[in-house]
Every structure is written in structure tokens, then in C-alpha cells.
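Everything below concerns the one structure shown next.
The values are calculated or read from the model by the stated rules, or taken from the named source; none is laboratory data. Quick caveat: nothing in here was measured; it's all calculated off a predicted structure. Every residue, glycine among them, receives a Cβ derived from its backbone with ideal geometry; neighbour counts consider all protein chains shown.
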Amino acid sequence: MKLLITGGAGFIGSNFIIYLLNKYPNYKVVNLDLLTYAGNLDNLKSVEDNSNYTFVKGDIGDYNLVTKLVKDNKIDIIVHLAAESHVDRSITGPDPFVTTNVLGTHNLLKIALENNLRFHHVSTDEVFGSLGDKGKFTEETAYNPRSPYSASKASSDHLVRAYYHTFDLPITISNCSNNYGPFMNIEKFIPLFITNLLQDKKVPLYAEGKNIRDWLYVEDHCSALDIIIHKGKIGETYLIGGDSEKSNIAIAKLLVKELGHTEDMIESVKDRLGHDYRYAIDYSKLKKELKWEPTVNFDQGIKKTIEWYKNNKEWWEK
């Protein structure tokens with residue numbers, strides 16, 4: 001298989017490329033990434049000399065570049081991970097989110113259609129809005145995005161489905177819960193707290209930290225994507241969850257303890273605008289149809305993540 005992976009220098013994309021090249025030594029991977037602040041080629045040092053791996057710096061919105069990459073490399077499938085993804089940034093500046101997540105996705109869809117490619121779109125559970133104390137998101141949950149970020153991802157999901165229903169483009173979509181693990185940008189919650197605590201700095205917790213997320217270790221996300229692109233039913237959406245619901249305050253207290261500090265290191269800050277209360281994923285469709293389920297529980301995953309940031313200071317101190 002020959003894959004064009006967009007956003008492959010980002011957190012999830014780089015983990016997925018490493019996963020693929022290790023599992024499928026005969027696959028060819030082309031990584032297209034603009035190397036914005038969230039892209040980091042240091043993530044891919046372990047595979048940069050692999051003859052089946054090619055990196056290209058470029059924009060998913062560049063029609064001529066993407067078309068040339070597809071044709072020159074005889075691409076079979078686009079796995080679309082490139083996205084502006086930080087909710088706080090979408091609140092202070094929504095424009096790049098619309099440009100990348102909506103217009104960029106549409107450009108890729110046009111090219112996939114013109115070149116008879118399979119297309120897998122990686123999305124988020126945030127498109128479904130906010131849950132109360134009960135229930136979980138399923139593939140049938142109505143969309144209810146509440147931030148510019150989630151609205152832009154919802155828009156891209158709808159475009160992908162429209163290309164399937166209107167033009168018969170062979171697509172699949174996955175919506176995943178919050179990922180964590182190696183190579184995650186330190187602006188995000190878990191790596192921000194870990195790296196602050198490693199430097200004996202206080203950690204900023206939104207309000208009382210009661211917001212709840214379902215956490216998915218990034219390697220489990222990679223294995224789910226692997227199964228979906230190989231065995232997923234065309235036109236279908238699959239939700240990927242970690243079966244690990246945690247409140248932000250519970251994670252904050254755990255990280256403080258694991259890193260040898262006391263809870264006075266936790267500093268309450270003004271809450272995020274429109275902060276969704278709870279996300280939770282029902283991944284029973286993926287389990288039933290494709291026999292996937294997470295293999296790393298939160299206690300295991302958070303220990304592995306802490307150790308990675310401890311052992312890779314040169315990566316995040318930059």
C-alpha cells in the first residue's frame with residue numbers, strides 16, 4: 001500500500017507513521033506537513049532514513065502540490081490527519097481553523113475523487129458537543145459543535161460524507177476521544193502539566209477541574225486506524241475511545257503525586273469559554289465489526305507518558 005498521510009509530523013500523525021512502517025515494512029508512506037508550530041520532524045527521527053518514507057513540506061490546500069504527490073507516488077489512500085486542533089487557539093483566532101480544517105479537507109477530497117483514491121478522515125468526538133453525567137457518544141449522535149475548532153471539524157466531516165453520497169468517493173471517518181502519549185505538544189493538558197512539574201512550576205487547571213474526558217493512549221488510536229483503513233466498511237464512521245473517563249482534577253492530582261509534588265502546585269485559572277463538560281465514547285461498533293478495543297489502560301498509559309517526557313527533555317525543552 002502507498003499512503004499519503006497529511007499532518008504526519010504532528011502528535012498522532014508521527015505516531016501513526018512509525019506504527020505503520022514498523023508493522024508493514026513494504027508499505028510506502030509520504031508525509032505531507034506544513035510544519036506549523038505543532039509539526040515537529042524530531043518526532044520522526046527513528047524513521048527518517050527509512051527508504052519507504054518520504055517527507056514533503058507543504059500545504060494540504062496546495063492543489064498542484066498534492067496532485068503531483070499523488071500521481072508521482074502512485075498513492076492508494078489519503079489518511080487525513082492534518083488539522084488545527086487546539087481549542088484555546090480557535091477561540092482567540094478562528095481563521096486558520098476554517099482554512100485548514102474545512103478548505104484544506106475539501107481540496108484533498110477533490111484530489112482523491114479525481115485520482116480514484118480511498119480516503120480516511122481522522123476527526124474528533126468534540127463535534128458532538130457536551131454530555132451530561134450520563135450517556136456516551138455513538139455514531140448516531142447528532143452533531144452539536146460548540147467551539148470554532150469543533151465546528152470546523154464537524155464541517156470537514158460533513159464534506160467527507162457528502163463526497164461519499166454524491167460522488168461515491170470511498171471514504172471512512174473516525175472520531176476519537178482525547179489522545180495522550182509520546183510526542184504530544186506541550187501546550188496540551190497532560191504534557192503541559194508533566195513538563196511544568198518536571199521544572200517545579202505550578203500547573204494551571206481550568207476552574208475547579210470538573211470537566212471529564214475519555215482518554216485514549218495514542219498507540220491504541222494507531223491500531224484502530226490501521227484496522228479501519230484495511231477492514232472498515234466504505235461510507236461508515238467509527239468511534240474510537242479509550243474506556244478511560246477521568247476528570248481534569250483527578251488527572252492533575254495524579255500527575256502531581258506521580259511527579260513527587262503536593263497539590264498546592266495546582267493553580268486554578270479562569271475557565272475556558274464555552275468549556276464542554278464531558279465527552280465519552282461508545283466504541284462498541286468498532287469492537288463488534290472490526291474486533292478492536294484498547295489495550296492500554298489509563299494507569300499504564302500515563303506512567304508510560306510520564307517516563308517518555310522524563311527521558312526526552314531535549315525534545316520538549318526546545
(message) Contact list please: Cβ distance under 7 Å, first residue in the range 213-233 and touching a residue at least 12 places away in the same chain (Cβ under 8 Å), second residue assigned to a helix (DSSP H, G or I) and of a type in the set (Val, Ile, Thr), pairs at least six apart or on different chains.
(response) Val218/Ile12; His221/Ile12
(message) Given the condition of a type in the set (Gly, Ala, Ser), crowded, with 16+ Cβ neighbours inside 10 Å and within 23 Å of Phe128 (Cβ to Cβ), answer yes or no: does some residue in the range 200-207 qualify?
(response) no
(request) Could you figure out which of (1) outside any loop (DSSP other than H, G, I, E, B); (2) within 22 Å of the chain's Cα centre (by Cα) isn't true of Asp264? (result) (2)
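Which ones in the range 214-251 are assigned to a helix (DSSP H, G or I), within 30 Å of Ile266 (Cα to Cα) and acidic (Asp, Glu)? Spell out how you get there, then give the answer.
Going through the range 214-251, the residues assigned to a helix (DSSP H, G or I) turn out to be 218-231, 248-251.
Subsequent filtering for residues that are within 30 Å of Ile266 (Cα to Cα) retains 218-221, 248-251.
The answer is Glu219, Asp220.
Considering only the range 43-128, give the helices (runs of 4 or more DSSP H) lying wholly within it that have at least 1 residues that are in contact (Cβ under 8 Å) with a residue 60 or more places away in the chain, out of contact with any helix residue (DSSP H, G or I) (no Cβ under 8 Å at 6 or more places or on another chain) and not basic (Lys, Arg). Working first, answer last.
Values: elements: 63-72, 87-92, 105-114.
In the range 43-128, 63-72, 87-92 are the helices (runs of 4 or more DSSP H) which contain 1 or more residues that are in contact (Cβ under 8 Å) with a residue 60 or more places away in the chain, out of contact with any helix residue (DSSP H, G or I) (no Cβ under 8 Å at 6 or more places or on another chain) and not basic (Lys, Arg).
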(request) Working carefully through the options Ile186, Ile194, find the one that is in a loop (DSSP other than H, G, I, E, B), closer than 28 Å to Gly93 by Cα and of a type outside the set (Phe, Trp, Tyr). (result) Ile186
(message) What's the number of the only condition in (1) touching a Phe, Trp or Tyr at 6+ places or on another chain (Cβ under 7 Å); (2) outside any loop (DSSP other than H, G, I, E, B) that Leu254 fails to meet?
(response) (1)
(message) Looking only at the range 253-284, filter to residues that are farther than 16 Å from Phe193 by Cβ and out of contact with any strand residue (DSSP E or B) (no Cβ under 6 Å at 6 or more places or on another chain); which one of those is surrounded by the most Cβ atoms within 10 Å (Cβ to Cβ)?
(response) Asp276
(message) Filter the range 8-35 down to the residues that are in contact (Cβ under 8 Å) with a residue 24 or more places away in the chain and either in a loop (DSSP other than H, G, I, E, B) or among the polar types (S, T, N, Q) (or both) and list them by number.
(response) Gly8, Ala9, Gly10, Ser14, Asn15, Pro25, Asn26, Tyr27, Asn31, Leu34, Leu35
(request) Just name the residue that is farthest from Val87 (Cα to Cα) out of those in the range 270-304 that are aliphatic (A, V, I, L, M) and more than 18 Å from the chain's Cα centre (by Cα). (result) Leu290
(request) Please determine, by comparing only the residues of the range 209-224 that are of a type in the set (A, V, I, L, M, F, W, C) and within 19 Å of Tyr279 (Cβ to Cβ), which one is nearest to the chain's Cα centre (by Cα). (result) Val218
(request) Could you list, in sequence order, all residues of the range 150-170 that are surrounded by 21 or more Cβ atoms within 10 Å (Cβ to Cβ) and among the polar types (S, T, N, Q)? (result) Ser150, Ser152, Ser156
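Considering only residues that are within 19 Å of His221 (Cβ to Cβ) and either in contact with a Phe, Trp or Tyr (Cβ under 9 Å, 6 or more places away or on another chain) or outside any helix (DSSP H, G or I) (or both), which ones fall in the range 129-162?
As a first pass, look at the range 129-162 and keep what is within 19 Å of His221 (Cβ to Cβ): 136-139, 149-150, 153, 156-157, 160.
Lys136, Phe137, Thr138, Glu139, Tyr149, Ser150, Lys153, Asp157, Val160, listed by residue number.
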(request) Residues being surrounded by fewer than 18 Cβ atoms within 10 Å (Cβ to Cβ) and assigned to a helix (DSSP H, G or I): count how many of those fall in the range 291-308. (result) 6
(message) Looking at the structure I just gave you, is Pro170 within 28 Å of Leu286 (Cα to Cα) and either at pLDDT below 95 or in contact with a Leu (Cβ under 9 Å, 6 or more places away or on another chain) (or both)?
(response) yes
(request) Could you please give the count of residues in the range 197-213 that are under 16 Å from Lys257 (Cβ atoms) and in a strand (DSSP E or B)? (result) 2
(message) Can you pull out every residue in the range 166-182 that is outside any strand (DSSP E or B), in contact (Cβ under 8 Å) with a residue 60 or more places away in the chain and not aliphatic (A, V, I, L, M)?
(response) Pro170, Ser177, Gly181, Pro182
